[in-house]
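I have placed the structure first, in the form of structure tokens, so that the comments after it can refer back to it.
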Amino acid sequence: MKMKIAVLPGDGIGPEIMEQGIKVCQAIGKKFNHEFEFNYGVVGATAIDDCGNPFPDKTFELCKNSDAVLFGAIGDPKYDNDPKAKIRPEQGLLAMRKQLGLFANVRPVTTFPSLIETSPMRKDLVEDVDFVVLRELTGGIYFGKPQGRSEDGNTAYDSSVYHRYEVERIVRLACEYAMQRDKRVTVVDKANVLATSRLWREIAGEISKEYPEVTMDFMFVDNAAMQLIQWPKKFDVIVTENMFGDILTDEASVITGSLGLLPSASIGQLTSVFEPIHGSYPQAKGKNIANPLGTILSVAMMFEYAFKLNAEAEAIRNAVMHSLEANFVTEDLSKENARTTSEVGDWIAGAIEK
Ligand code: IPM
Ligand code: MN
């Protein structure tokens with residue numbers, strides 16, 4: 001198969017981890033006889049430096065004309081420390097999600113047996129955790145209007161807005177996922193306070209009638225934050241709005257032992273995007289220490305979701321599992337015997353080719 005892939009390394013550690021993702025693609029290409037065309041695009045702070053726009057049209061065109069997008073990370077401290085900056089790198093990520101219609105962010109959370117000890121949580125709680133969060137990605141408070149400041153600058157406001165069709169499509173997708181899994185969906189909201197959450201509950205209840213085999217329950221987000229840590233094994237599919245999903249998936253990453261491990265797929269109307277859930281980790285930029293596994297596992301998700309190549313995805317996951325078993329890992333997972341980002345990438349690529 002020939003695959004045309006848009007590569008957007010982005011900021012901070014983005015380029016270093018992306019390099020490992022590409023290595024892994026090439027190893028898969030050799031082993032399974034695939035050909036790739038990689039085309040690079042700018043996004044985030046890098047794109048602001050390049051042309052003043054964090055998601056330039058040329059990058060959008062590149063994504064639209066590709067079979068899949070691999071995305072690194074976005075963000076730069078020079079903007080974080082300047083709340084007055086009008087153009088921000090994160091706007092690039094949000095623009096990409098909106099323009100590509102990426103309404104569903106799929107974030108699987110599974111524990112690797114060899115990392116159970118790395119998790120700060122008790123072993124019996126994290127063993128065999130296996131759930132997936134479907135985070136709505138193009139609505140809610142991230143995009144709602146009005147958003148801004150009063151003229152005197154002393155008041156600021158954001159709006160959370162959801163339309164029926166936005167809730168329907170993501171809840172339906174959650175039910176489809178559940179049908180392939182343990183047939184349980186937990187809708188996370190704050191329906192005791194928020195009007196948008198009450199709309200979610202109403203619509204989710206309707207959609208669940210289309211899936212009689214799926215058991216749906218509802219949970220307030222504060223309670224869900226607690227239960228996720230208290231009893232992570234009880235979840236199968238979680239579906240939630242944009243910001244709750246953002247927060248809960250960072251929390252969920254603690255269960256697995258490192259934020260650097262979690263991959264994601266953003267799917268929707270145009271080309272799908274595959275990216276690790278972590279940020280740009282600017283303190284580690286250029287040091288060759290960041291964990292590339294989130295990116296490498298996102299490449300596995302790409303083969304599975306964008307190209308329906310399950311054996312290729314499995315080969316990557318197996319190689320990752322072996323690297324963990326061999327303790328061939330970056331410093332976030334092993335202080336005494338840390339390997340570099342590129343060493344881990346080489347090891348995994350080598351394991352796939354063998
Ligand atoms: C994520 C990130 C982004 C988000 C930021 C960088 C805007 O935290 O992908 O989870 O909040 O969606
Ligand atoms: Mn986040």
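The values are calculated or read from the model by the stated rules, or taken from the named source; none is laboratory data. Just so you know, these numbers come straight off a predicted model, no measurement behind them. Note: ideal-geometry Cβ built from the backbone for every residue, glycine included; neighbour counts use all protein chains shown. Side chains included, ligands, DNA and RNA excluded: accessible areas come from the protein's heavy atoms. Shrake-Rupley method; radii C 1.70, N 1.55, O 1.52, S 1.80 Å.
Observations on the structure shown:
- Length-normalised contact order for the chain - Cα pairs under 8 Å, 6+ apart - percent: 23 percent
- Charge sum, other residues only, whose C-beta stays under 9 Å from Ile203's C-beta, Lys/Arg counted +1 and Asp/Glu -1: -1
- Between amide H atoms placed 1.01 Å from N, distances below 5 Å from Val133 occur with Arg107, Val109, Ile238, all of them 5 or more places distant or on a separate chain.
- Other residues with beta-carbon under 9 Å from the beta-carbon of Glu353 carry, at +1 per Lys or Arg and -1 per Asp or Glu, a net charge of +3.
- Residue-span extension gain [Asn327 to Asp124] - 0.36 nm each, minus C-alpha spacing: 70.9 nm
- Rounded to the nearest 500, the helix-only mean residue ellipticity at 222 nm of the chain stands at -13500 deg cm²/dmol, with each DSSP H run of n ≥ 4 adding -39,500 (n - 2.57).
- Orientation-averaged projection of region 1-124 equals 10.5 nm² [convex hull of Cα atoms, one quarter of hull surface area].
- Evaluated at q = 0.11 Å⁻¹: base-10 log I(q)/I(0), Debye formula over Cα of the chain: -0.75
- Here the Karplus curve 6.51 cos²θ - 1.76 cosθ + 1.60, taken at θ = phi - 60°, turns the phi angles of region 340-352 into couplings of 7, 3, 6, 5, 5, x, 4, 4, 5, 4, x, 5, 5 Hz, with x standing for Gly and Pro.
- DSSP finds beta bridges in the chain, and of those with both partners inside it, around 40 percent are antiparallel.
- Excluding same-chain neighbours fewer than eight residues apart, the lysines reachable from Lys86 by a Cα-Cα span under 21 Å are Lys78, Lys98, Lys145.
- From phi via Karplus (6.51, -1.76, 1.60), per-residue ³J(HN,Hα) for region 230-241 in Hz, x at Gly/Pro: 6, 8, x, 5, 6, 8, 10, 10, 10, 10, 7, 6
- Cα convex hull of region 129-256 - mean projected area over all directions, nm²: 8.4 nm²
- The Cβ shell under 13 Å around Gln230 holds other residues with a net charge of 0, Lys and Arg each +1, Asp and Glu each -1.
- Among 191-204, 2-15, the order from most to least packed when residues are scored by Cβ within 10 Å on average: 2-15, 191-204
- Per residue, in Å², the accessible surface of the chain once ligands and nucleic acids are set aside, probe 1.4 Å: 44 Å²
- Among 156-162, 138-144, the order from most to least packed when residues are scored by Cβ within 10 Å on average: 138-144, 156-162
- The Arg184 and Met1 beta-carbon pair, evaluated with R₀ = 41 Å, returns a calculated FRET efficiency of approximately 0.75.
- Percent carbon-and-sulfur accessible area, region 207-314, ignoring ligands, DNA and RNA, probe 1.4 Å: 58 percent
- For Gly144, the residues 5 or more places off, or on other chains, whose built amide H falls under 5 Å of its own are Ser159, Val161.
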